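A.B. asks: The structure is given below, and queries will be raised subsequently.
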Amino acid sequence: MVSIRTLRLFVVVAREGSFAAAGKALGLTPAAVGLQMKALEAELGASLFDRGARRVVLNGTGRDTVVAVSDILTRYDALLAGHDGAALTGTLVMGALVSALMGAFADALWAMKKTHPGLVVRLFAGKSRDFAGRVADGELDAAIVTRPPYRLASDLAWTPLYAEPMVLIVPRRPHFTLPRASEEVLRLAPFIRFDRAAWTGYLVRRALRQAGVRARDEMELDSVEAIVELVRGGFGVSIVPKLANVDWAADRALRIVAVPRIDVVREVGLLERARHSRREATAAIKAYFRGRGIS
C-alpha cells in the first residue's frame, strides 16, 4: 500500500520536474525518490512519467493522477485537522517571505500561538513567485507574499493583510559622495537593486519610473535584509519596503530619504487555494489583521 508520504512526494516531483530537484526540496536522494515513484507506478499499474536524461515529465496519465492525488491529500489533511472548525489544532504549513517575518506577520504568529496553543505552524522561507506554485499544488496550505503583479489562477485567492511604503535608504557613512537632492542620489549613487524578476523588484521599477530617474545599478540581490546590510555598510543606496517591525529612526548606520514623487506601496497578503482544509486557520490570520485595522 502506497503511503501518504509517497503521494506527497509525487506531487512535489510533478511540480519540480526532476527526481533530483524534488529530493533536494525534501531532503531525499534522487535514487530514493525514483524508487518511491516506481513503487507508486507499480501500485497503480500505470506509467506516470515520460523519463528523459535530466528531467521527468508527467504523461497524460500522470497529469490526471496528480489532480486526483492532490484531492486525496486535501481530504486527508482535513481529517487530521478534525471536524471542529473552532478548535485550531493540527499543523498549518505556510510559506513566508523572510522580510514578512521581520514585519507585522511576526506579531500575528505570536498572537496565534497564544490564542491557539494546539495549532502548529510549519514555516518555509522563500520568494513570492516560488510560493504560488507550491500553494496551488497543495504542498503549502497558504503563503505570505506580496501582491502578485499578474492575474492569479481561478483556484487561488490573495487577501491583503498590511502595506509597507517603498522608501529610499542611504548610508550615514557612505564610501562614495552622497548628493544632497534625493533625485540626484538615485541618479548618481551606486544603486543596490532588488531582483528584477521578483515581485518586490517590480515595485522598485515602478518607484524609479515615478522618480523619473535611471539608477546606476551596482548590485542586484533577492534579499531585503542583505540589501539593508550593504547600505548600512556604506556600499550604496536602495529602494526597499519599510518593514513594519524595524525601528528605522533609531538606525545609526542608515537613514530614509524622502523622494517627493514616489508613492509606491508593497502590499503583503495571504495566498491560499479557494478551497482547502485549513481555511479556519487562515481565516484567523486574516481576522487578526482586520481586528487591528491593518488590512
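Just so it is clear, none of the values below were taken in a lab; they were calculated from the coordinates. Just so it is clear, the model here is predicted, and its values are computed rather than measured. Please note: Cβ atoms are built from the backbone with ideal geometry, for glycine as well, and neighbour counts cover all protein chains shown.
A.B. asks: Once the dipole of region 188-244 is set up with Lys and Arg at +1 and Asp and Glu at -1 on Cβ about the Cα centre, which of W199, A244, A211 lies farthest towards its positive end?
C.D. replies: Ranked along the dipole, the leading option is A211.
A.B. asks: Please state the relative contact order of the chain as a whole percent: Cα pairs under 8 Å, 6+ residues apart?
C.D. replies: 21 percent
A.B. asks: Consider the candidate values (1) 1.26; (2) 1.04; (3) 1.07; state which one is Rg/Rh (Cα atoms, Kirkwood Rh) computed from the structure displayed.
C.D. replies: (2)
A.B. asks: Moving to a separate point now. If you build the Cα gyration tensor of region 165-295 and take the root of 5 times each eigenvalue, what three semi-axes come out, in whole angstrom, biggest first?
C.D. replies: After scaling each eigenvalue by five and taking roots: 32, 16, 14 Å.
A.B. asks: Same structure, new question: Just the number, please: percent antiparallel of the DSSP beta bridges in region 164-266, rounded to the nearest 5.
C.D. replies: Counting only bridges with both partners in region 164-266, antiparallel ones make up about 60 percent.
A.B. asks: Specify which residue in the list G90, I262, T282 is farthest towards the positive end of the charge dipole of the chain, using unit charges on the beta carbon of Lys, Arg (+1) and Asp, Glu (-1), about the Cα centre.
C.D. replies: Going by the charge dipole, the pick is I262.
A.B. asks: List, in the order given, every pair from K114/K286; K127/K242; K24/K242 whose Cα-Cα distance in the structure shown is over 22 Å.
C.D. replies: In this structure, K24/K242 exceed 22 Å between Cα atoms.
A.B. asks: Now for a separate question. Which distance in nm do the two modelled labels at A42 and R196 give, with both placed 7 Å along the Cα-to-Cβ direction?
C.D. replies: About 5.0 nm separates the two model spin labels.
A.B. asks: Which of the helices in the chain meet the span-like rule: DSSP H, Cα axial reach of 24 Å or more, Kyte-Doolittle mean at least 0.0?
C.D. replies: 60-81
A.B. asks: Moving to a separate point now. About the Cα centre, and with charges only on the beta carbon of Lys, Arg (+1) and Asp, Glu (-1), how big is the dipole of the chain? Nearest 20 debye, please.
C.D. replies: 680 debye
A.B. asks: With each run of n ≥ 4 DSSP H residues scored as -39500 (n - 2.57), what mean residue ellipticity at 222 nm is computed for the chain after dividing by its residue count and rounding to the nearest 500 deg cm²/dmol?
C.D. replies: -13000 deg cm²/dmol
A.B. asks: What percent antiparallel are the DSSP beta bridges of the chain, to the nearest 5?
C.D. replies: In the chain, DSSP labels about 60 percent of beta bridges as antiparallel.
A.B. asks: Between R261 and F176, what length comes free when the chain is fully extended (0.36 nm per residue of separation minus the Cα-Cα distance, one decimal in nm)?
C.D. replies: Taking 0.36 nm per residue and subtracting the Cα distance, the gain is 28.1 nm.
A.B. asks: For region 137-201, compute the orientation-averaged projected area of the C-alpha convex hull (one quarter of its surface), in nm².
C.D. replies: For region 137-201, averaging the hull's shadow over all directions gives 7.0 nm².
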